[in-house]
Amino acid sequence: MTSTTVPSMPAPVPLPAGRPQLSLAENLLTLLRTTTTEPRPDEQLEALTLAVAADLPVLLWGEPGIGKTAALTQLATSLDLPLTTVIASVHEPTDFSGLPIVGEDPAANGVPMAPPQWAVELARAGRGLLFLDELSTATPAVQAALLRVVLERKVGALQLPPGVRIVAAANPRASAADGWELSPPLANRFVHLYWVHDRDVVVRGLGGVWPRAELPRLDPAGLPDAVAFARRAVCGFLNARPTLIHRLPTTETRRGGAWPSPRSWEAAMTLLAFGTAASVSRDVLATLVRGAVGDGPGLELLAHIDRMELPDPDSLLADPASAELPERGDLRQATLEAVVAAVGARPERERWEAGWAVLVRAWETGAPDLLVAPAKALAALRRDGWEVPETVERLAAVVGLARRAEDSVARTAAAAGAKSAAGGRR
Amino acid sequence: MDKLLAARLYAVAVRPYLAGALFALHVVEDRSVPTMAVDAYWRCYVSPSFVSRTPLEELAGVWVHEVSHLLRDHHERGAQYAREHGEQGPGQRLRQNVAADFEINDDIYGDGLPKPAGAVLPAMLGLPDGLLMEEYLRRFSMAGRTPRLAWLDCGSGADGHARPWELGPEGAHGLSRQQRDAVRFRVAEAITGRPGDAPEGWRRWADEAFHPPQPWRQLLGAALRAAVGAPGPGEDHSYRRPSRRSAGVPGVVLPSLRRMPPRVCVVIDTSGSVSDAELGGALLEVAAISRAVGGRRDLVSVISCDAAAGVAVPLCRAENLELIGGGGTDLRSGFARALRSRPRPDVIVALTDGQTPWPSEQPSCRTVVGLFPRPARTVNEEDPDYVPGAPPAWARVVPIG
């Protein structure tokens, strides 16, 4: 403790009579708590809102004091839901599985499992946001009891109404010195979101202006398409990668996080449909999908969706002159390779010529080095009697480019070989 | 421009696994850029005069170098380092760029890709190869070295500080975070899919890009906590005695919270292949963790074990614990002795390098294995066919160090 000289204070203002000091303190607190909000895009809040709207249990991971509770309060206000906070770590298993009450003649009537008051009130209200805080510091028995609350929304014999949404919060184990590990079955039921603070938001918020995220709105006309898209994406992907359907986390690093299982794939599909219907950004969608099935499988699914959205090779071949090719180089090359593969699958002279026309179109609209590999592959598909179309001469520059690179590679290799041979002799 | 693109083809030819990333870069021609630079949104800014005066094969090296900054997420890591260490300013920017270049340059060249003139190497500052950007940052200062390196500028993609010529997040042809992750992910897949083609440095990157390794202390702690926290030992609810809350709610049966301090037995592999420093560090850690989960010091015992197991020594008497042994290893005797000791331990923690036979059956208590890393080789002179088995599936394995 450092001691400093106290600056001479101005004489205290005499209090008005009959006005105790405490009520002045009240006024000061009211002033401090008066804050306004401003619209501000916030990806984490958007992801959280979407997952809550989709009625999937969300688990917020974040250091203590980072503003998870504040975010929840804001979410409850904007969704107009009453917020019920239950600190999981100070409860006992029976608070979630129901308290056994011994009545008259238990053998005949059974022992009812009575729900605690918060659950009864939540059920009576019919809707609400149930916030299970400090999940990672709850004992294993409490976690086991919570499985049922989170998945079946049952507290003892009481069924929580469908209007209740569940959000939980946990501290990452780096900061939870005395925490328990989240068990994989419980972890698999949640969409995991990692909560971090944004410096600008905190500074501006303490200055009196907190962000107000625009909540994603579902487009009523787009619902059937969104569902069709989500189904196509997830089913197509799992058809191609069946090993990812169920994979228990094996390493210590991945325990207690998101991992792929039929249950979490269903969650990912729901999130895809909601994200599409609300047309949220790809970043938000990525956060949600990775939070449901884990980083690796989530990224693979997103890559699969990227490829799904490439132009259809056959329609490009049908009308090469007005073909719209992706701007991004790697996607453009993937599209061209798909076109060549489509020609190779059904090699006919018209299709082969149309393939060249697509390449010429690509050469006119983008970087030429992308064309080298597809052009080589297309040339290899040539059959006897097929004439190279005249337009292909315009691709001569591409051939020159490729040759230049090849020559240089060969030259360097030869130089390196000579050098090492010389080194060997020495 | 043609030369630049031919150089990209060159780079793709010698590093096929980077093709996706190289083609994803959007080229922006800009005369104010010193050489070639990238921003965090995967745009590549190129000075035309630099291209015309650089040989094609060196340009290919620069392509790979710049894309490596992006693949290794240097802008994000650089910004995080600056936040954590409170370092700002142009000198710091340069230092981060140099450290990032060290991380890249020590392993991407060679094998058909010549090193461009002026590439900085850790050896220039007397530093070892193979470290990460953050480790290099901790190890050198720029004092007195600036003149030679000041021209170096790989853009905000290398260090997270914006440059005047950059288009910023709103500009055209930028990649969003999800798209960047997707590109990096596909490159990592390409590398792990064909492990033979890529050098060690890239393989390590691919392994860790999306699963960063966690500090072993936390992992060991988590494993130990989970083991002692499992039903049985440790703190959990129990109906053995009614809860004190029961008095307030007549007619209701409540469980009570009971704390049963876990007994932890540490079996230490003292064979010649494990160094004293490794053992000391790991042992201290186990003791600290078991205290944190509520164990008392006298509940932690230690068995040193090479081919035969020593006696179990309680840790409270083991201030000057002598680890006996030094020959070959057979951890089975250590496990057997641990299970024979009375009272029986709740958790066995085995600290070993894994060059040992393992018990054929699951022991009757939970097991955590702390594994010291060893190179894959290890040939036994007497028995060339001997292959040490991996730790069994019933143990929770934590790599240490």
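Suppose we filter segment B:334-377 for residues that are acidic (Asp, Glu) and open to solvent by 80 Å² or more (accessible area, probe 1.4 Å); how many remain?
Counting residues in segment B:334-377 that are acidic (Asp, Glu) and open to solvent by 80 Å² or more (accessible area, probe 1.4 Å) gives 1.
Scan segment A:380-392 for residues that are open to solvent by 60 Å² or more (accessible area, probe 1.4 Å) and either among the aliphatic types (A, V, I, L, M) or at pLDDT 80 or above (or both) and the total you get is 6. A:Ala168 falls short on exactly one of the conditions (1) open to solvent by 30 Å² or more (accessible area, probe 1.4 Å); (2) touching a strand residue (DSSP E or B) at 6+ places or on another chain (Cβ under 9 Å), and that condition is (1). The number of residues in segment A:361-379 being open to solvent by less than 10 Å² (accessible area, probe 1.4 Å) and hydrophobic (A, V, I, L, M, F, W, C) comes to 4. Residues that are away from every other protein chain (no Cβ under 14 Å) and open to solvent by 20 Å² or more (accessible area, probe 1.4 Å) within segment A:321-334 comprise A:Ala321, A:Ser322, A:Glu324, listed in sequence order. A count restricted to segment A:90-131 and to residues that are within 14 Å of chain B (Cβ to nearest Cβ), open to solvent by less than 70 Å² (accessible area, probe 1.4 Å) and in a helix (DSSP H, G or I) stands at 6. Return the residues of segment B:88-115 that are out of contact with any Leu (no Cβ under 9 Å at 6 or more places or on another chain), at negative phi and surrounded by fewer than 16 Cβ atoms within 10 Å (Cβ to Cβ); say none if nothing qualifies. Matches in segment B:88-115: B:Gln88, B:Pro90, B:Gly91. For segment A:201-226, a residue qualifies if it is part of a loop (DSSP other than H, G, I, E, B) and out of contact with any Pro (no Cβ under 9 Å at 6 or more places or on another chain), and the qualifying residues are A:Gly207, A:Gly208, A:Leu215, A:Pro216, A:Arg217, A:Leu218, A:Asp219. Go through the residues of segment A:235-245 one by one and say whether even a single one is open to solvent by less than 40 Å² (accessible area, probe 1.4 Å) and aromatic (Phe, Trp, Tyr). Taking every residue of segment A:235-245 in turn, at least one turns out to be open to solvent by less than 40 Å² (accessible area, probe 1.4 Å) and aromatic (Phe, Trp, Tyr).
Within this structure, A:Ala379 fails the test of being within 45 Å of the chain's Cα centre (by Cα), in a helix (DSSP H, G or I), of a type in the set (Gly, Ala, Ser) and within 14 Å of chain B (Cβ to nearest Cβ).
Of the residues contained in segment A:199-207, none is found to be away from chain B (no Cβ under 14 Å), out of contact with any strand residue (DSSP E or B) (no Cβ under 8 Å at 6 or more places or on another chain) and in contact (Cβ under 8 Å) with a residue 60 or more places away in the chain.
Residues in segment B:47-65: is at least one of a type in the set (Lys, Arg) and without any contact (Cβ under 8 Å) to a residue 24 or more places away in the chain? Yes; the residues of segment B:47-65 include at least one that is of a type in the set (Lys, Arg) and without any contact (Cβ under 8 Å) to a residue 24 or more places away in the chain.
Residue count for segment A:297-353, restricted to those that are more than 30 Å from A:Ala267 (Cβ to Cβ) and in contact (Cβ under 8 Å) with a residue 40 or more places away in the chain: 9.
Check whether at least one residue in segment A:338-351 is open to solvent by 10 Å² or more (accessible area, probe 1.4 Å), of a type in the set (A, V, I, L, M, F, W, C), out of contact with any strand residue (DSSP E or B) (no Cβ under 7 Å at 6 or more places or on another chain) and within 14 Å of another protein chain (Cβ to nearest Cβ), and report yes or no.
Looking for residues that are open to solvent by 10 Å² or more (accessible area, probe 1.4 Å), of a type in the set (A, V, I, L, M, F, W, C), out of contact with any strand residue (DSSP E or B) (no Cβ under 7 Å at 6 or more places or on another chain) and within 14 Å of another protein chain (Cβ to nearest Cβ), one finds none in segment A:338-351, hence no.
Taken over segment A:25-74, the criterion of being among the aliphatic types (A, V, I, L, M) and closer than 20 Å to A:Ala277 by Cα is satisfied by A:Leu45, A:Ala47, A:Leu48, A:Leu50, A:Ala51, A:Val52, A:Ala53, A:Ala54, A:Leu56, A:Val58. All of (1) facing chain B (nearest Cβ under 10 Å); (2) open to solvent by 40 Å² or more (accessible area, probe 1.4 Å); (3) more than 18 Å from A:Ala157 (Cα to Cα) hold for A:Ala144 with one exception: (3). Applying the set (1) over 22 Å from A:Leu158 (Cα atoms); (2) open to solvent by 30 Å² or more (accessible area, probe 1.4 Å); (3) touching a strand residue (DSSP E or B) at 6+ places or on another chain (Cβ under 7 Å) to A:Ala76 leaves exactly one unmet item: (2).
Against the conditions (1) surrounded by 11 or more Cβ atoms within 10 Å (Cβ to Cβ); (2) at pLDDT 85 or above; (3) aliphatic (A, V, I, L, M); (4) assigned to a helix (DSSP H, G or I), A:Leu60 satisfies every one except (4).
Being within 11 Å of chain B (Cβ to nearest Cβ), under 13 Å from the mean Cα position of the chain (by Cα) and at negative phi is a property that A:Gly298 has.
The strands (runs of 3 or more DSSP E) found wholly in segment B:1-73 and carrying at least 1 residues that are open to solvent by 10 Å² or more (accessible area, probe 1.4 Å) and either more than 9 Å from chain A (Cβ to nearest Cβ) or closer than 19 Å to B:His173 by Cα (or both) occupy B:26-29.
The values are calculated or read from the model by the stated rules, or taken from the named source; none is laboratory data. Worth saying up front: this structure is predicted, and the values here are computed from it rather than measured. We place every Cβ from the backbone using ideal geometry, glycine too, and count neighbours over all the protein chains shown. With ligands, DNA and RNA removed, areas are computed over all heavy atoms of the protein, side chains included. Shrake-Rupley method; radii C 1.70, N 1.55, O 1.52, S 1.80 Å.
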